[in-house]
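Read the structure below first, then the notes.
The values are calculated or read from the model by the stated rules, or taken from the named source; none is laboratory data. As the structure is a prediction and not an experimental result, all values here were calculated from the model. For neighbour counting, all protein chains shown are included, and Cβ atoms are generated from backbone atoms with ideal geometry for every residue, glycine included.
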Amino acid sequence: MDAVDRVILGQLLRIGRSPLQVLARRSGLSVSAMSVRVRRLEEAGVIAGFRAQVDLDAVGRPVQAVVRVGLAPATERPIFEKWLGGRPAVTAAWRLAGDADYAVHLACRDLGDLDDEVRELTAHGGAERTSTSMVLHTVPDLGGHLTD
């Protein structure tokens, strides 16, 4: 990855839907050269994909929480992770080192839905203990400087 690739990635991290013309202008390349570079970055696995950034309020899931999960000794991680994948409220999960095994991000319809989801983690998901923190505000536009 050279300096131009870093500029391209920086722009895509900040404005993921930037048209190739805008990316080309900002990096000093032609549109065709920009297209080749972006395709090369995708093929190399540096760009893993493009995703829509969804407004959770707009899709009816305004209540967000991060739940730290300690698994029961008998719970197998692959089974827990597969179970998480089937839960509509789960938007992300991270396996951790430390006092919890996982952190799970939930986007719920309301507080009752959140309560149900947390109870399900223990009742059917294999969690032995949970600790829930409500999300009050999402800090926007982070991660745009990974290539600096």
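Restricting the first member to the stretch 37-49 and to residues that are in the same structural domain as ILE8 (by TED's automatic domain parsing), and the second to residues that are surrounded by 10 or more Cβ atoms within 10 Å (Cβ to Cβ) and of a type in the set (S, T, N, Q), the beta-carbon pairs closer than 9 Å and six or more apart or on different chains are ARG37/SER27. Select from the stretch 7-64 the residues that are among the charged types (D, E, K, R), more than 18 Å from the chain's Cα centre (by Cα) and exposed (fewer than 12 other Cβ atoms within 10 Å of the Cβ) and list them in ascending order. Those that are among the charged types (D, E, K, R), more than 18 Å from the chain's Cα centre (by Cα) and exposed (fewer than 12 other Cβ atoms within 10 Å of the Cβ): ARG39, GLU43. The residues of the stretch 129-148 that are closer than 30 Å to THR75 by Cα and part of a loop (DSSP other than H, G, I, E, B) amount to a single one, VAL135. Among residues of the stretch 114-128 that are outside any helix (DSSP H, G or I), those with a beta-carbon under 7 Å from a residue that is of a type in the set (Ser, Thr, Tyr) at least six positions away or on a different chain give the pairs GLY126/THR75. Exactly one residue out of ALA92, ALA72, ALA97 is at negative phi and in contact with an Asp or Glu (Cβ under 8 Å, 6 or more places away or on another chain): that is ALA72. If you filter the stretch 90-102 down to residues that are of a type outside the set (D, E, K, R) and surrounded by 15 or more Cβ atoms within 10 Å (Cβ to Cβ), you find that the one that is nearest to the chain's Cα centre (by Cα) is ALA93.
For THR147, the test of being modelled with pLDDT under 95, closer than 30 Å to ASP5 by Cβ and surrounded by 10 or more Cβ atoms within 10 Å (Cβ to Cβ) is passed.
For the residues HIS137, HIS124, HIS105, the requirement of being within 30 Å of GLY10 (Cβ to Cβ) and over 15 Å from the mean Cα position of the chain (by Cα) singles out HIS137.
Among the residues of the stretch 68-82, is any at pLDDT below 95, under 19 Å from the mean Cα position of the chain (by Cα), under 28 Å from LEU13 (Cβ atoms) and of a type in the set (Asp, Glu)? No, the conditions are met nowhere in the stretch 68-82.
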